[in-house]
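Here is the structure we will look at.
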């Protein structure tokens, strides 16, 4: 089976590629390697996959991994309506895992155009390629942010998600609508995954746990919003990619008792953690006490996230295994070694 993974130099994409390669699949990675955060980290991830910067940097060139015979990489933007279909036609993919997107909630308040280009236009282009090149299954990243300020917990995929509080969340909800429409019109099996606060080694520097670690080590105060009264369903990266790999392996399965080719699942730990408990766990593993600067709630943020993952457990056997203490330790071990 040949699989396209978009966002391959990103946090989740990088780990997914490694998992799929270990499972014996043929994988083509795609990424535009933008500068939303440090590109050196993105190139370092690619180097771990056997594609050094000199081979990953040129646009539109498929480069073979020097480490994995079943992996190659191409630098390309999903917005490219000319070259993307050519890639699909040439490579004849069976499955597409679309993880490429402009990430970040607060960044969307300042740079809305980037989200429209990548998350809307780019996703539409992926759907069009899936339509015209007989893709058997499209798996794509949605987000827990679509739940907005929903107060009922845990979050279930049947909950109403009509009130996004950030442009990022709105684009992810739009992706789900686009996917449903293409599934209905063109019989393309699509599976959307609402990710819940993924963390771990090789993570994104803009994520809170990364900046918390950096601040604690440097002795700088950590801004904690809503005076610490926040909780997140922190999910370790290995659990996420294990779930993705199961979906690739098992194929499309409806998430509801409906005759439709479109599925939506939550994928998370299913155990929310108070933000201050998370900060304190990081401090314990660094052997340093965090300095805290309590602040009011910020725009675009939510009070809690909590995933109901019963459907994913039932249909794919998804069971998160890494608890918070172990997961944080694994991240800290990587962070101190990398930096």
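The values are calculated or read from the model by the stated rules, or taken from the named source; none is laboratory data. Remember, it's a predicted structure, so these values are computed and weren't measured experimentally. Note that we place each Cβ from the backbone using ideal geometry, even for glycine, and neighbour counts take in every protein chain shown.
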Original post:
Restricting attention to region 111-121, does a residue exist that is over 21 Å from the mean Cα position of the chain (by Cα) and either surrounded by 20 or more Cβ atoms within 10 Å (Cβ to Cβ) or part of a helix (DSSP H, G or I) (or both)?
Top reply: no
Original post:
Does residue 55 satisfy the criteria of being in contact (Cβ under 8 Å) with a residue 12 or more places away in the chain and farther than 19 Å from residue 19 by Cα?
Top reply: yes
Original post:
Could you list, in sequence order, the residues of region 25-46 that are more than 14 Å from residue 69 (Cα to Cα) and either part of a helix (DSSP H, G or I) or in contact with a strand residue (DSSP E or B) (Cβ under 9 Å, 6 or more places away or on another chain) (or both)?
Top reply: 30, 31, 32, 33, 39, 40, 41, 42, 43, 44, 45, 46
Original post:
Taking interchain pairs and intrachain pairs at least six residues apart, which have beta carbon atoms under 9 angstrom, with the first residue in region 31-45 and on the phi > 0 side of the Ramachandran plot and the second assigned to a helix (DSSP H, G or I)?
Top reply: 33/39; 33/42; 33/43; 33/46; 33/56
Original post:
Here are 181, 157: which of them is more than 21 Å from the chain's Cα centre (by Cα) and over 28 Å from residue 295 (Cβ atoms)?
Top reply: 181
Original post:
Hey, does region 250-273 have a residue that's surrounded by fewer than 21 Cβ atoms within 10 Å (Cβ to Cβ), in a helix (DSSP H, G or I) and in contact (Cβ under 8 Å) with a residue 24 or more places away in the chain?
Top reply: yes
Original post:
Looking at region 289-304, is at least one residue modelled with pLDDT of 95 or more, touching a helix residue (DSSP H, G or I) at 6+ places or on another chain (Cβ under 8 Å) and surrounded by 12 or more Cβ atoms within 10 Å (Cβ to Cβ)?
Top reply: no
**OP:** With the checklist (1) more than 20 Å from residue 141 (Cα to Cα); (2) at pLDDT 95 or above in hand, flag the one item residue 111 doesn't pass.
**Re:** (2)
**OP:** Could you please give the count of residues in region 48-75 that are buried (at least 16 other Cβ atoms within 10 Å of the Cβ) and out of contact with any strand residue (DSSP E or B) (no Cβ under 7 Å at 6 or more places or on another chain)?
**Re:** 1
Subject >> Filter pass, residue 289 being part of a loop (DSSP other than H, G, I, E, B), closer than 30 Å to residue 190 by Cα and more than 18 Å from the chain's Cα centre (by Cα) >> reply: no
Original post:
For region 151-171, how many residues meet the condition of being crowded, with 16+ Cβ neighbours inside 10 Å and more than 12 Å from residue 307 (Cα to Cα)?
Top reply: 9
Original post:
In this structure, does residue 103 turn out to be modelled with pLDDT under 95 and in contact with a helix residue (DSSP H, G or I) (Cβ under 8 Å, 6 or more places away or on another chain)?
Top reply: yes
